[in-house]
1. List the trypsin sites (Lys or Arg not before Pro) within region 332-406 that DSSP assigns to loop and that have no more than 13 neighbouring Cβ atoms inside 10 Å.
2. I'd like the FRET efficiency for residue 489 and residue 21, computed as 1/(1 + (r/R0)^6) with the beta carbon distance as r and R0 of 51 Å, rounded to 0.05.
3. On each of the three principal axes of the Cα atoms of the chain, give max minus min coordinate, whole Å, ordered largest first.
4. With each run of n ≥ 4 DSSP H residues scored as -39500 (n - 2.57), what mean residue ellipticity at 222 nm is computed for the chain after dividing by its residue count and rounding to the nearest 500 deg cm²/dmol?
5. Equivalent ellipsoid semi-axes for region 4-82, as square roots of 5 times the alpha carbon gyration tensor eigenvalues: give them largest first, rounded to whole Å.
6. Just to confirm my numbers, what's the Cα centroid distance between region 281-329 and region 350-403 in Å?
7. Largest first and in whole Å, what are the equivalent-ellipsoid semi-axes of region 438-535 based on the Cα gyration tensor, each being the root of 5 times an eigenvalue?
8. With a Förster radius of 51 Å, plug the Cβ-Cβ distance of residue 471 and residue 136 into 1/(1 + (r/R0)^6) and report the FRET value to the nearest 0.05.
Amino acid sequence: MLGKMMDSQLTINSLIDFAVKFHGTTEIVSRSVEGPIHRYTYADCYRRIGRLAGALAALGVGDGDRVATLAWNGYRHFELYFAVSGMGAVCHTINPRLFGEQIAFIVNHAKDKLVFVDLTFVPVLEALAGRIDGVENIIVMTDEEHMPETSLSGVLCYENLLAVEAEDFGWPELDENTASSLCYSSGTTGNPKGVLYSHRSTVLHSFAICGADAMAISARDSILPVVPMFHVNAWGIPYACAMAGSKLVLPGAGMDGASLHELMEAEGVTLTAGVPTIWLGLLQYMKESGLQLPELERTIVGGAAPPPSMIESFENDFGVDFLHGWGMTETSPVCTVGALKGNMRGLDTAAKQAIKVKQGKPLYGVDMKIVGDDGLPLPHDGEAFGELCVKGPWVNGEYFEDAEATGAAFDADGFFRTGDVSTIDSDGYMQIVDRSKDVIKSGGEWISSIELENLAVGHADVAEAAVIGIVHQKWGERPLLICVPREGAEPAAADILALFDGKVAKMCIPDAVEFVGELPHTATGKILKTKLREDFKDYSLPA
Ligand code: ADP
């Protein structure tokens, strides 16, 4: 027997419709690429989304066509999210920090019909001349006055396109399984792989991240996603803001500590989200300048492991509740968030922080297991570690037009294999030990590079640290610690190594410390271990 409830489709259109109807006067504030702060409401935004969809249709965009964006977090990018998906096309966000050849590969693989580009990234496209010939038009996301001189062909002006269209677009009734957006994983090895999200997966993911044990996104919040809209849809925050009717604050290119602080303070930001490297800049700036953010209630950090010292700093120096999350392009991305449970309330600060260092517990909808080399599940005892596998309605079920990558990505039970190695404790909190390709194998034991990096940045004079395995005749691999000293500081290797005493097994302590001016990062802000391994491939460890 079937239930008798209405069969409303879970579409991205329904999110913006709701925001406009019930939160129409709530603001979306952006630091624009042209300079000034731009401010309007969901209602204003919706009228422009209608015009934009009209312009897309006039340019020949139809069902399922891919429309690419190379853009910062800003209101025009937000308009594209809703206009492109809302008309039944696919909003393909591209990470402008990728190498040119990767961007060309992605544009061609996705068969992008149009590319929308912020002024900043016009040179990125110019450098690809002759390599992305399938693209019919390039639309610069600005007004007539700011249109650049460019060697690109088929160039149009965003505001001119909108100016001649009507506000009321005839939005289609979409099936919730319609493809809505596309994002390629940055693939540090091999070609990037496309993950094709649907309206349904996006709406369900929005419900999940709005939950009280996740980001607790509400109409009382003013939310500034530092996570870029060009990678995994800014962790789904733009959609969740529409669902909750939250004020949205978009930082544009102003990602440095001073710009972020200024915008957060001015707009009363209560929740923010980003990768650890971004917070290093903001925290340092606020400490040096003696500034606070009294309205900022919580921050969600993920994408890479934040060191415990960062958690302490947010909570103790600035009174900001720290939430740790984990996910990946393939999982929309949020699967776990580290909110504490009721029975943990009475724990002391140190015990709470030990839980917050973990990547968190699954949100409803996500199933999770860890498996050994034999593919069999391992116990959830917080000790056993193995490959993390996940399943759920916002987890990738098949890569976009890539049978080979799809073939290797799932286990016999249909779980997606993440390539992360982790533990899960009896309370359900998952902790990443490493990415399987970064874990150091020494004398048959596994050493977690993340654990060692976390300890190293606990040293007051270490700004950033990475640990890689160096080939060793006897042990197979031994850990080398590579540190970036804090500006003006000259920490001693022996002092840093002393931090490890008694905190990790003796065999895990790095054999040596090297100092560098900076570490290489991926396009999504993670330390690029492949490059470090290459740079240090001839390194000889002390005997
Ligand atoms: P890319 O596209 O660069 O591969 P994703 O954004 O998809 O990147 O990154 C997903 C990976 O990032 C995860 O598989 C995991 O290794 C890492 N990651 C994400 N969140 C965390 C976290 N909180 N702690 C440690 N690693 C994380």
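1. Counting only loop positions with at most 13 other Cβ atoms within 10 Å, the trypsin sites (Lys or Arg not before Pro) in region 332-406 are 341, 345.
2. My answer for the efficiency is 0.40.
3. Extents along the principal axes: 72, 64, 49 Å.
4. Per the formula, -8000 deg cm²/dmol.
5. Over the Cα atoms of region 4-82, the semi-axes work out to 24, 19, 11 Å.
6. 24
7. Result for region 438-535: semi-axes of 20, 17, 11 Å.
8. 0.55
The values are calculated or read from the model by the stated rules, or taken from the named source; none is laboratory data. Only a predicted model underlies this, so the values are computations on that prediction, with no experimental measurement involved. Neighbour counts run over all protein chains shown; Cβ positions are idealised from the backbone, glycine included. For accessibility, only protein heavy atoms count, side chains too; no ligands or nucleic acids. Shrake-Rupley method; radii C 1.70, N 1.55, O 1.52, S 1.80 Å.
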